[in-house]
């Protein structure tokens, strides 16, 4: 298996486990990620996911043999499209449960996308966020420019994607690319502890809040946002979550 999974209470930890290739996104790795996310979504005991890599890297990007085949054309390129290389990190982005990236080393190209697809990123001091697409003659893909610009703003996104600047863990936290930067020894436990906080909330409520956050950029105006939230707040009352929590606080 190219992916190792571990259950830490309500948190599923998905570890990219191909250190010899610095956890490159091979076809097998992509398939394993898609399957693991699907299993976590179906498991009622899982409330959040943490994505990390077997050291010393988080993820070095797409498997270069796949890129070479696609770049050279021919039968291989016809049978495996560029779009299929996105499936692993897009499965993480499409997850309805909260996701945290524990970026324990370089996150390069499609590996950077994998980190961007998580709701929150915790960076180790050894983390390095490196777009690299243009430097290998490839236009960024998989929503890279969209996610990057939303994460850090237009100027920093240009520095990373257009000018080829890579940022280390501490600078990533300064830019807002990571929520925090911690020591390498602490990064996974910090990410799991953050993910476990989500598990204190009803699972369906987590999904509802995440859906609202995801939809917010496309909401046409404030009045629409208020109406959407009111509908979802009504469900909170109907499902008994509010009464249950308030009663617990009074005990």
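Set side by side, the residues 85, 114, 67 differ, and just one is surrounded by 22 or more Cβ atoms within 10 Å (Cβ to Cβ), at pLDDT below 95 and assigned to a helix (DSSP H, G or I), which is 85. Annotation: residue 237 fulfils all but one of (1) more than 28 Å from the chain's Cα centre (by Cα); (2) surrounded by 14 or more Cβ atoms within 10 Å (Cβ to Cβ); the unmet one is (2).
When residue 58 is tested against (1) closer than 19 Å to residue 94 by Cα; (2) modelled with pLDDT of 95 or more; (3) in contact with a strand residue (DSSP E or B) (Cβ under 7 Å, 6 or more places away or on another chain), only condition (1) is not met. Residue count for the stretch 20-34, restricted to those that are in contact with a strand residue (DSSP E or B) (Cβ under 8 Å, 6 or more places away or on another chain) and in a helix (DSSP H, G or I): 3. Using the structure shown, decide if residue 12 is farther than 19 Å from residue 144 by Cβ, within 18 Å of the chain's Cα centre (by Cα) and either in the same structural domain as residue 96 (by TED's automatic domain parsing) or buried (at least 16 other Cβ atoms within 10 Å of the Cβ) (or both). Yes, satisfied. Among the residues of the stretch 212-251, those identified as under 29 Å from residue 150 (Cβ atoms) and outside any helix (DSSP H, G or I) are 219, 220, 221. Report yes if some residue within the stretch 214-222 is modelled with pLDDT of 95 or more and exposed (fewer than 11 other Cβ atoms within 10 Å of the Cβ); otherwise report no. Looking for residues that are modelled with pLDDT of 95 or more and exposed (fewer than 11 other Cβ atoms within 10 Å of the Cβ), one finds at least one in the stretch 214-222, hence yes.
The residues listed here are 169, 105, 142; of these, the one that is out of contact with any strand residue (DSSP E or B) (no Cβ under 7 Å at 6 or more places or on another chain) and farther than 22 Å from residue 209 by Cα is 142.
The values are calculated or read from the model by the stated rules, or taken from the named source; none is laboratory data. All values derive from a computational prediction rather than experimental measurement. A quick note on method: Cβ atoms are made from the backbone with ideal geometry, for glycine too, and the neighbour counts reach across all protein chains shown.
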